[in-house]
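What follows is one structure encoded as structure tokens, with my remarks underneath.
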Amino acid sequence: MKTLGYYNGRIGELDEMMIPMNDRVCYFGDGVYEAAVARNYKIFALEDHLDRFYNSASLLSIEIPCTREELASILDEMVHKMDYDEQFVYWQVTRGTAPRTHEFPAGDVKANLWITIKPSKPVHLETPLKLITIPDTRFFHCNIKTLNLLPNVMAAEQAKRAGCQECVFHRGDRVTECAHSNVSILKDGTFRTAPTDELILPGITRKHLIQICKDHNIPVSEEPFTIQELMEADEILVSSTTKFCSSVSEVDGIAVGGKAPELMKLLQDCYVQKYLSETKA
Ligand code: PLP
């Protein structure tokens, strides 16, 4: 298949799939999701994604309609249906299908499982990103990977219109994260990244970068940092499943980073190496 859509066991090309209007995702975005990449038909960091998926669902009292092992096996089966081996693998669970009421549907309404797969885009780590800063007006549940992404969508579009690839959210002076990535900095040899409280998504790439730092005796600080510290950092790193670990050359049109290129390259190389070795044929 060229693209794949899965809805509660029904499978087809994405464009041909239909879902019921009363799926609570249509009214409330009532669900949680995960996004991963696959290479050689292996989903990278699958266990981390499953951990976060079941945790996000449980924080919203959504019961995923299959066990973790069953879900892993469905995902594996779907990935193998594709015509190419580098894939963007997305899945979500929504609270179920029922007439619109804010309260959870009464009775025995089962959650809906969705999967979509399409070709993944190549990552260009050699090209640094340009960012803009935007006040973080999101809610206080950013640790849950919910489908309620409107502020992120608005911010991503604003960044695109400014000729940038991402935006840095901040609450007052404190940097939180980006619209669809985490942001960290390198300063005086230390990897600094915001703590995983309810203001940021606990990124899986961020977690892997922390582990890489620990393996290389690079000090890590998980304390909040400010916009000024971001602007004065030796390097700025934007991390996500699809962007890996990109460096940054500009924030709000001002040149930034570029002062610790060897350390930056070490982190990028180690991350790419981990990805290649864990997805080798
Ligand atoms: N923060 C937000 C808001 C995101 O949407 C994402 C990824 O989609 C991330 C951070 C990075 O998370 P991960 O590294 O698990 O892809």
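When the residues Trp91, Trp114 are ordered by accessible surface, computed with a 1.4 Å probe over the protein chains alone, the sequence from largest down reads Trp114, Trp91. If you run the Gaussian network model on the chain, springs between alpha carbon atoms under 10 Å, then out of Val238, Val123, Val248 the most flexible one is Val123. Say the dipole of the chain comes from +1 at the beta carbon of Lys and Arg and -1 at that of Asp and Glu; which of Thr146, Ile185, His80 then lies farthest toward its positive end? The listed residue farthest towards the positive side: His80.
What does the accessible area per residue of the chain come to in Å², with a 1.4 Å probe and no ligands, DNA or RNA counted?
Working: 13460 Å² over 281 residues.
Per residue, the chain has an accessible area of 48 Å².
Sequence gap at least 6, Cα distance under 8 Å: using those rules, report the relative contact order of the chain to the nearest whole percent. Averaging sequence separation for qualifying contacts and normalising by length gives 19 percent for the chain.
Each helix, a run of at least 4 DSSP H residues, gives -39500 (n - 2.57); summed and divided by the residues of the chain, these come to -8500 deg cm²/dmol at 222 nm. The share of alpha-carbon pairs in the range 1-121 lying farther apart than 18 Å comes to 51%. For the range 122-147, the residues whose amide N sits under 20 Å from a probe point set 7 Å from the Cα of Arg161 along the beta carbon direction are 130-138.
Using only Cα atoms, figure out Rg for the chain and give it as a multiple of 2.2 N^0.38 Å. Please report the intermediate quantities before stating the final value.
Numbers: Rg = 19.3 Å, N = 281, 2.2 N^0.38 = 18.7 Å.
Dividing the Cα radius of gyration by 2.2 N^0.38 Å gives 1.03.
Taking the Cα centre of the chain as origin, sum charge times position over the Cβ atoms of Lys and Arg (+1) and Asp and Glu (-1), and report the length of that vector in debye to the nearest 20. All intermediate terms of the calculation are to be shown ahead of the outcome.
Details: 30 positive and 40 negative charges, 69 e Å.
That gives a dipole near 340 debye.
Among the listed pairs Lys243/Lys280; Lys81/Lys214; Lys2/Lys280; Lys118/Lys259; Lys118/Lys265, those whose Cα-Cα separation exceeds 26 Å are Lys81/Lys214; Lys118/Lys259; Lys118/Lys265.
The distance linking the range 159-192 with the range 66-112 is 31 Å (Cα centroid to Cα centroid, whole angstrom). A probe of 1.4 angstrom, applied to the heavy atoms of all protein chains, finds Met17 with accessible area near 40 square angstrom. Relative to the longest principal axis of the Cα atoms of the chain, the long axis of helix 204-215 lies at roughly 40 degrees. Considering only Ala38, Phe28, Ile11, the residue lying farthest towards the positive end of the dipole of the range 1-52 is Ala38, judged by Cα position with unit charges set on Cβ.
With the charge dipole of the range 1-135 set up from +1 on Lys and Arg Cβ and -1 on Asp and Glu Cβ about the Cα centre, the Cα lying farthest toward the positive end among the listed residues Val109, His49, His124 is that of His124.
The values are calculated or read from the model by the stated rules, or taken from the named source; none is laboratory data. Computed from a predicted model, the values in this text were never measured in an experiment. When we count neighbours, we look across all protein chains shown, and the Cβ atoms used for this are built from the backbone with ideal geometry, even at glycine. Accessible surface is based on the protein model in full, side chains and every heavy atom, while ligands, DNA and RNA are left aside. Shrake-Rupley method; radii C 1.70, N 1.55, O 1.52, S 1.80 Å.
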